[in-house]
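The values are calculated or read from the model by the stated rules, or taken from the named source; none is laboratory data. These numbers were taken from a predicted model, which means no experiment stands behind them. Cβ atoms come from the backbone with ideal geometry, glycine included; neighbour counts cover every protein chain shown. Heads up: the accessible areas ignore ligands, DNA and RNA and are worked out on the full protein's heavy atoms, side chains in. Shrake-Rupley method; radii C 1.70, N 1.55, O 1.52, S 1.80 Å.
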Amino acid sequence: MARSIATTRTAPDLRDRVAAWRDAGKSIALVPTMGALHAGHLSLVALAKSKADAVVASVFVNPAQFGPKEDLALYPRDEAGDLAKLLDAGAALAYVPDAAEMYPPSYSTRVSVGDLTDDLCGAARPNHFDGVASIVAKLLMQCAPDIAVFGEKDYQQLLVVRRLVRDLDMPVEIVGGPVIREADGLALSSRNAYLSPEERKRAPVLFQTIRDVAADLERGRGADDAALAGRFKLEAEGFRVDYVAVRDPDTLRPLSGPVKRARVLAAVHLGRTRLIDNVPVPSR
Ligand code: PAF
């Protein structure tokens, strides 16, 4: 008989299984996802496995983090494929709640993480980070893991989650996993599936541009100047630019003039697809 991953769809059952592992002396890692899993997600599972005895991966396309004009209905879904990939990656349990489990009738609580969420993706996607913070808070409460792993690809999200956990004294360590890229530099994302073949060929310009901005910064170019050059390059290549920004890597505060440590972040639209990416300065 074909093997399949242990799967649960309810929070009480998730708690019981995690409690049984705890009683057996095991540590637990959670990898929250919205499914449509790719090698980037699976690298987070591998990182989680290297740090804990049992890995729970959640798969839930969270309506609360999509705006009214965004791609909730179109968001790629492949539960059977996701479960097979999680099994291969060595996750011990898939948590696949439905919307009624996460948002029961009269659900009304919203978690909002103040200043970190006001600009960059927060400016372009109002309420997005409230939706993320709320669902991540629920997942952490439901699973109560020792660690939870999030990708650096969503760098602002990673910092929002770190702040959430710190501010609410949640007893969990948040671990960031590096961006995984295609051979041509395009950061892996479930939304890359929306790109037409022609857009897919152009998409790596996003990474090339922010890498060039980072190299300019390392050569001593001022942050504002370098970011503007990046924006011009992307616009000249036909991208609609939400932002190219040079920020403090811990607080996301804007930086100007020469910088020693920074994060270069960008968000663009290519056709109907919104792409985000970021790189550290200095590069690792
Ligand atoms: O990064 C994602 O896939 C989602 O924002 C997350 C963290 C699973 C919350 O829905």
Legend entry - Among the candidates Ala73, Ala46, Ala64, residue that is away from the ligand (no atom under 15 Å from the Cβ), open to solvent by 20 Å² or more (accessible area, probe 1.4 Å) and under 17 Å from the mean Cα position of the chain (by Cα): Ala46
Legend entry - Which numbered condition Gly114 misses (of (1) at negative phi; (2) at pLDDT below 95; (3) not charged (D, E, K, R)): (1)
Inset, instruction - Tell me, please, whether a residue that is surrounded by 13 or more Cβ atoms within 10 Å (Cβ to Cβ), away from the ligand (no atom under 14 Å from the Cβ) and charged (D, E, K, R) can be found in the stretch 83-100. - result: yes
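Scan the strands (runs of 3 or more DSSP E) fully inside the stretch 1-95 and keep the ones with 2 or more residues being at pLDDT below 95 and under 22 Å from Ala144 (Cβ atoms).
Values: elements: 6-8, 28-33, 54-59, 93-95.
Correct list: empty, since no element meets the threshold.
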Inset, instruction - Pick out, from the stretch 125-243, the helices (runs of 4 or more DSSP H) lying fully within it that include 2 or more residues that are more than 19 Å from Leu42 (Cβ to Cβ) and within 16 Å of the ligand (Cβ to nearest atom). - result: 128-143, 155-167
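Search the stretch 12-35 for residues being within 13 Å of the ligand (Cβ to nearest atom) and open to solvent by less than 20 Å² (accessible area, probe 1.4 Å), and hand back the single one that is farthest from the chain's Cα centre (by Cα). Give the derivation first.
Residues of the stretch 12-35 within 13 Å of the ligand (Cβ to nearest atom): 30-35.
Subset that is open to solvent by less than 20 Å² (accessible area, probe 1.4 Å): 30-31, 33, 35.
On the way: Leu30: 14, Val31: 10, Thr33: 8, Gly35: 12 Å.
Top of the filtered list is Leu30.
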Inset, instruction - Check whether at least one residue in the stretch 182-204 is over 28 Å from Gly271 (Cα atoms) and open to solvent by 80 Å² or more (accessible area, probe 1.4 Å), and report yes or no. - result: no
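Residue check: is Ser58 surrounded by 18 or more Cβ atoms within 10 Å (Cβ to Cβ) and in contact with a Ser or Thr (Cβ under 7 Å, 6 or more places away or on another chain)? Break it down stepwise before answering.
Working: surrounded by 18 or more Cβ atoms within 10 Å (Cβ to Cβ): yes; in contact with a Ser or Thr (Cβ under 7 Å, 6 or more places away or on another chain): yes.
Answer is yes for this residue.
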